Amino acid sequence: MGERINEHLKQLAQAQEGVFDVSGTLEKWEASRKKLEKTSFDSINISDKAMNLSKEGKKLATELSSRYSRMLEKPDTDHITELAGLLEETVVAFNQLREIALISSDTAHSLEQEAAMQQEIAESMTDSIEQIGRSINQAVACVELSDIKEVPSII
């Protein structure tokens, strides 16, 4: 009888351990999900900034071309000064665009890592749930076997 109780307790302890594993994994999953959500939002904002900087760069390049044409038609110091200022603005815009591209690349890598973490967590959850199922099935089988042994013989 004591051996049977010990077996039941062992099976229930395994199931309880599985529940704790799943609980910890769910906490990791939630943290990863939040990080993935934040990183996705950051990625959208970065893309918007890049688009706006691209529009500004295009506008500056068009203006630069126009002023350059005017300077070629009628060279004077005012046109040269305007052109130099516009060139500086254009360089700044393209440097900002480069910085945004670097941030975007880092964000994409972070998204990739979080997606891999989500996959790893999902696999861990599946394994833990299967372990809990096996432990519960074993505990039920032990109880059923005990019940069968306790049925008196009719012979």
- Item | C-alpha long axis of helix 2-73 to longest principal axis of the chain, angle in ° | 10 degrees
- Task: Pop a pseudo-label 7 angstrom from the Cα along the beta-carbon direction at both Ala141 and Gln119 and give the gap in nm to one decimal.
- Result: 3.4 nm
- Residues in the stretch 81-125 reached by a label modelled at Ser66 [backbone nitrogen below 18 Å; 7 Å Cα→Cβ]: 81-91
- Difference of contour (0.36 nm per residue) and Cα-Cα distance, Ser40 to Lys59: 4.0 nm
- Considering only the other residues whose Cβ falls under 15 Å of the Cβ of Thr81, what net charge follows from Lys and Arg at +1 and Asp and Glu at -1? -3
- Note on the structure: To the nearest 10 degrees, the tilt of helix 77-150 (Cα long axis) against the first principal axis of the alpha carbons of the chain is 10 degrees
- Task: Answer with one residue from Ile132, Thr107, Ile5: the one whose Cα lies farthest towards the positive end of the charge dipole of the chain, charges on Cβ with Lys, Arg +1 and Asp, Glu -1.
- Result: Thr107
- Message: Can you tell me the convex hull volume per residue for the chain, based on C-alpha atoms, in Å³ to the nearest whole number?
- Response: 101 Å³
- Which of Thr90, Thr81, Thr126 moves the most in a Gaussian network model of the chain with Cα springs under 10 Å? Thr81
- For Glu37, what is the net charge nearby, where nearby means another residue's Cβ is under 14 Å from its Cβ and Lys, Arg count +1, Asp, Glu -1? +1
- Helix-only [θ] at 222 nm, the chain, -39500 (n - 2.57) per DSSP H run of 4+, per residue, nearest 500, equals -36000 deg cm²/dmol
- Carbon-plus-sulfur fraction of the accessible area of the stretch 1-148, 1.4 Å probe, in percent? 58 percent
- Per residue accessible area of the stretch 1-126, 1.4 Å probe, in Å²: 72 Å²
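The values are calculated or read from the model by the stated rules, or taken from the named source; none is laboratory data. Computed from a prediction, not measured in an experiment: that's the story for all the values here. Note that each Cβ is placed from the backbone with ideal geometry, even for glycine, and that neighbours are counted across all protein chains shown. Just the protein is used for accessible areas: all its heavy atoms, side chains included, with ligands, DNA and RNA removed. Shrake-Rupley method; radii C 1.70, N 1.55, O 1.52, S 1.80 Å.
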